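*Asks:* There's a structure below that I have some questions on.
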Amino acid sequence: LCLLFHPIAQAGNGNGMTWEKVSHDDVLGVDYVGCNNGCNAYSGETSCSSKLPILCLKKEGLPDPGVYVPDNSPGVMQPSYYYGWTGGQIKLTCPVSGNALKGIADANDICEFQFGPGYKMAEHHDGNGGWGWYANGNIDDSSRFWVTVNDQPSSCWGYGTGVSSARTDAQISELLNC
């Protein structure tokens, strides 16, 4: 009976968290992405009815190419917490309604469908810190994109992993319509 009121069992609040591309370093071939300009990592800030790309990451264990980490911290943690290196590649899916994502498995399936094995929905802490991180890539900067947080109810499916819609490739293709 207690599980009925546990956060894992709750649905999302109608909002999901989004990030944006903050900068690109042409020399290193990396993007810095993050919770910039009003994101809410605790309860989401963007209506789940919005159609936005999913930020997908494939961690490959790549060495840090020497990404920029400022001397001063923008928050209470060390600067490297906010400017971490993922060791991987990022890409953006075609736009998808946040309401179509019933759980992390749905988002991961879409990433793998578009980009291949190993791609998953990017997570707030993928850079070994939070609020922002670097990855190889040069993604489009014309819109915000869906990102998840593994320990907050800020995804469109709420807290935790959600459920899987177990969509076929044909259903994912129709959903994306790109």
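*Asks:* Let me know the charge dipole size of the stretch 95-152 about its Cα centre in debye, to the nearest 20, where only the beta-carbon of Lys, Arg (+1) and Asp, Glu (-1) is charged.
*Replies:* Dipole size: approximately 80 debye.
*Asks:* Given a cut-off of under 8 Å on Cα pairs at least six residues apart, what relative contact order in percent is computed for the chain?
*Replies:* Relative contact order here is 32 percent.
*Asks:* Using mean Cβ contacts within 10 Å as the protection proxy, how do 22-35, 117-130 order, highest first?
*Replies:* For the peptides 22-35, 117-130, the packing ranking is 117-130, 22-35.
*Asks:* How large, in percent, is the carbon and sulfur part of the accessible surface of the stretch 75-135 at a probe radius of 1.4 Å?
*Replies:* 54
*Asks:* While we're on this one: Relative contact order for the stretch 32-104 using alpha-carbon pairs under 8 Å, separation at least 6, rounded to a whole percent?
*Replies:* 44
*Asks:* Something else: Taking the chain as the region of interest, what is the percent of Cα-Cα pairs per 10 angstrom bin, listed from the shortest bin to the one with the maximum distance?
*Replies:* 10, 39, 35, 13, 2, 0
The values are calculated or read from the model by the stated rules, or taken from the named source; none is laboratory data. These numbers come from a predicted model, not from an experiment. Because the Cβ atoms are built from the backbone with ideal geometry, glycine has one as well, and the counts that use them run over all protein chains shown. Heads up: the accessible areas ignore ligands, DNA and RNA and are worked out on the full protein's heavy atoms, side chains in. Shrake-Rupley method; radii C 1.70, N 1.55, O 1.52, S 1.80 Å.
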